[in-house]
Amino acid sequence: MNSEQVIEVKGLTKQFKDVKAVNNLDLNVFKGDVFGFLGPNGAGKSTTIRMLLSLIKPTSGSIKIFGMPLEKKRRDILRKIGAIVEKPDFYLYLSAYKNLELLGKISETDTSRNRIMEMLELVGLEKRYNSKVKTFSHGMKQRLGLAQALLHDPDLIILDEPTTGLDPQGMKEIRDLILHLSREKGKTVFLSSHILSEVEIIATRMIIINKGTARVEGTVNGLLNSGILKVTVRVEDPARTLSLLNASRWADSLESHANSDLFFNLKKEEIPALNKFLVESNVPVNALIPMRSLEDYFLAITEGKE
Amino acid sequence: MLSLISIELYKIFKKWRTYIGFIAIGLLAPLIHLSFYLAGERSATFAFRNLSDSFIFAGNLLNGYFISNLILQSLFVHIPFLVVLVGGDLLAGEATGGTYRMLVTRPVSRFEIITAKFIAAVIYTALLILWLAIMSLGLGLLIFGSGPLVAFKTKIIIFAANDVLWRFMAAYAFAILSMTVVITLAFLFSSLVENAIGPIVSTMAVIIIFFIISVIDIDFFNTIRPYLFTNHIAGWSYFFEDPVDYSKVLKDAGVLAIHIAVFYGAALYIFSKKDILS
């Protein structure tokens, strides 16, 4: 096993009576990764995360975290993990401060006032430290969830939908915090999110699962730049360019056009050839923009188009 | 483990439902004291009316010991319904609140979580019985003073004043054991479900059914009766016999201890195997 590998999952399967929620799943997360964990509803994401945190026992397969088998070294592993699993729930009848203090004590970590207030400040809840959690909005609970996940300074942070319920400013703050933790602190972040644009911005590697099975895994750049890309070509004279293209082999790749923009479906390696064709045909090209959003890619993968 | 137990106790005593039992006892016991206090001599005449023809009474019979014994006998059967309010919530409450996830993803074993909760439940039970002792015996002695205890069971026994206190202490200790069985049963039911109402109602139902079986004189019920914990939870009353039949005390205590071990073991097994889906 790679010494830098933080999570190594092999053949993970979970059967709930008639339903196979996770089916022979393999995944690999490396130190310093912001690892996007994607899949449609019911794909098995939450079940997988619960198995990683020993909330659910796998039917078969193996989980190694920090090179240690989870089943045998659960305590040592969990000591180095901070997590939010689905929505963060707390003891509603206790204050934010007391919740963190109790959870910190269970984790046998520093529960000094300074440390707890530092965490509350980090997530912007320092002024509400003494308020009972039952008075918190969902977004505030989400922030408190992040604070409890970071309280014991874990090496691996598992976040399940961490920005749900936050306003745009809050979402950006959490995104920035995740990037800070990864880049400045060297933490590994395992991020499950439905907000694909968020994952696209912050994830370095990702996996897409569907029906409990891994569909693709790799670097975000590598995966988004593989397969068929949507390429926008902006030209000076679209009418002349269209007639040139229709008489060439590029006609099949041309999807549509609007104003001065022509839209192609191309493989990455075809882009220079198209550019060369246009230049040699004396077509002034103002811009050539290969684009594929993670959303397009995600839908293509989960709908079985790639 | 000590830290976990203190956390569990903190959580228990931060919940309103925990105080229902304390409030109920805190109201009922003084009310009984007050009624005897206001009735004065009339209540003593009423209490000993059947004996006054055969005995000549001298001294303070309507004393703290007598009233405490009366309270213990009348309230004891209701205390199970108070302890289940806490016992039924111990695990199911975590499931309902979603806090199972927070607990189980910490670097503590499920055995430690269950055991800490169980010990906290026993401590709560002990404190509730201690409260009963304070409100019945403590308050009784304060208001009515001490004196010989007239105990009615299959026969009338009169204990000298200096022979009573230890009997109460032993009876309250036994009562803790009895109520621990009840709270452990609620704890077991609590490990099975994700809503506290179910375990509370189920435990109450089991106690009521067992109590009914205990009093119906049918051969089949007579056969199973010795195995029902409800048949042994009143073992504290042996301490108000003379001489105390320790073989019966030990037998009842043994049966109750076995029930506690089985209920706790089952809860531990269920929780250890449980997939946390809440």
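The values are calculated or read from the model by the stated rules, or taken from the named source; none is laboratory data. All values derive from a computational prediction rather than experimental measurement. So basically every Cβ, Gly included, is an ideal-geometry build from the backbone, and we count neighbours across all protein chains shown.
Residues of segment B:244-278 that are touching a residue at least 40 places away in the same chain (Cβ under 8 Å), within 14 Å of another protein chain (Cβ to nearest Cβ) and part of a helix (DSSP H, G or I): B:ILE270, B:PHE271, B:SER272. Residue check: is A:ILE77 surrounded by 22 or more Cβ atoms within 10 Å (Cβ to Cβ) and either at pLDDT below 90 or in contact with a Phe, Trp or Tyr (Cβ under 7 Å, 6 or more places away or on another chain) (or both)? Taking the combined requirement at face value, the residue satisfies it. Across segment B:89-110, the qualifying residues are those that are farther than 10 Å from B:ILE276 by Cα and among the charged types (D, E, K, R), and the one among them that is farthest from the other protein chains (Cβ to nearest Cβ) is B:ASP89.
The C-beta contact set for segment B:13-26 (first residue over 19 Å from A:LEU92 (Cβ atoms), second residue surrounded by 14 or more Cβ atoms within 10 Å (Cβ to Cβ) and of a type in the set (S, T, N, Q), distance under 9 angstrom, 6+ apart or interchain) comprises B:ILE25/B:SER136.
Just to check your reading of the model, which residue among A:PHE90, A:PHE35, A:PHE66 is farther than 23 Å from B:ARG110 by Cα and of a type in the set (A, V, I, L, M, F, W, C)?
Working: A:PHE90 fails: farther than 23 Å from B:ARG110 by Cα; A:PHE66 fails: farther than 23 Å from B:ARG110 by Cα.
Every option except A:PHE35 fails the conditions.
Reported count of residues in segment A:247-293, each being of a type in the set (Asp, Glu) and closer than 28 Å to A:ILE201 by Cα, is 4. Tell me the helices (runs of 4 or more DSSP H) entirely within segment B:79-166 that contain at least 2 residues that are under 15 Å from the mean Cα position of the chain (by Cα) and not hydroxyl-bearing (Ser, Thr, Tyr). Correct list: B:79-87, B:110-133.
Take the residues in segment A:68-111 that are in a strand (DSSP E or B) and over 17 Å from A:LEU159 (Cβ atoms), then tell me which one is farthest from the other protein chains (Cβ to nearest Cβ). Filtering segment A:68-111 for residues that are in a strand (DSSP E or B) and over 17 Å from A:LEU159 (Cβ atoms), the one farthest from the other protein chains (Cβ to nearest Cβ) comes out as A:PRO69.
Would a scan of segment B:228-243 turn up a residue that is within 27 Å of B:LEU70 (Cβ to Cβ), without any contact (Cβ under 8 Å) to a residue 12 or more places away in the chain and away from chain A (no Cβ under 14 Å)? So far as segment B:228-243 goes, yes, one or more of its residues are within 27 Å of B:LEU70 (Cβ to Cβ), without any contact (Cβ under 8 Å) to a residue 12 or more places away in the chain and away from chain A (no Cβ under 14 Å). Take the conditions (1) within 14 Å of chain A (Cβ to nearest Cβ); (2) crowded, with 24+ Cβ neighbours inside 10 Å; (3) over 22 Å from A:THR109 (Cα atoms); B:SER136 misses just one of them, which is (1). Sort out which residues of segment A:269-296 are modelled with pLDDT under 85 and among the charged types (D, E, K, R), and write them in order of number. Residues satisfying the conditions are A:GLU269, A:GLU270, A:ARG292, A:GLU295, A:ASP296. Just checking, which of A:THR47, A:THR59 is more than 7 Å from chain B (Cβ to nearest Cβ) and buried (at least 21 other Cβ atoms within 10 Å of the Cβ)? Among A:THR47, A:THR59, only A:THR47 is more than 7 Å from chain B (Cβ to nearest Cβ) and buried (at least 21 other Cβ atoms within 10 Å of the Cβ). A count restricted to segment A:258-285 and to residues that are more than 26 Å from A:LEU223 (Cα to Cα), touching a residue at least 12 places away in the same chain (Cβ under 8 Å) and out of contact with any Lys or Arg (no Cβ under 8 Å at 6 or more places or on another chain) stands at 5. On the given criteria, is A:ARG240 basic (Lys, Arg) and either on the phi > 0 side of the Ramachandran plot or surrounded by fewer than 14 Cβ atoms within 10 Å (Cβ to Cβ) (or both)? Considered against the rule, which asks whether it is basic (Lys, Arg) and either on the phi > 0 side of the Ramachandran plot or surrounded by fewer than 14 Cβ atoms within 10 Å (Cβ to Cβ) (or both), A:ARG240 comes out as yes. Summed over segment B:232-278, the residues that are in contact with a Phe, Trp or Tyr (Cβ under 6 Å, 6 or more places away or on another chain) and either at positive phi or among the charged types (D, E, K, R) (or both) give a count of 2.
Of the strands (runs of 3 or more DSSP E) lying entirely inside segment A:159-221, the ones with 1 or more residues being surrounded by fewer than 20 Cβ atoms within 10 Å (Cβ to Cβ) and hydrophobic (A, V, I, L, M, F, W, C) are found at A:213-219.
For segment A:35-55, the set of residues classified as within 28 Å of A:LYS72 (Cβ to Cβ) and assigned to a strand (DSSP E or B) consists of A:PHE35, A:PHE37, listed by residue number. Looking across segment A:166-188 at every residue that is β-branched (Val, Ile, Thr) and under 20 Å from A:GLY139 (Cα atoms), the one that is nearest to the chain's Cα centre (by Cα) is identified as A:ILE178.
I need a count of the residues in segment A:123-150 that are small (Gly, Ala, Ser) and in a helix (DSSP H, G or I).
Restricting attention to segment A:123-150, the residues satisfying the condition of being small (Gly, Ala, Ser) are A:124, A:131, A:137, A:139, A:145, A:147, A:149.
The next check asks that each one be in a helix (DSSP H, G or I); those that pass are A:139, A:145, A:147, A:149.
Residues in segment A:123-150 being small (Gly, Ala, Ser) and in a helix (DSSP H, G or I): 4 in total.
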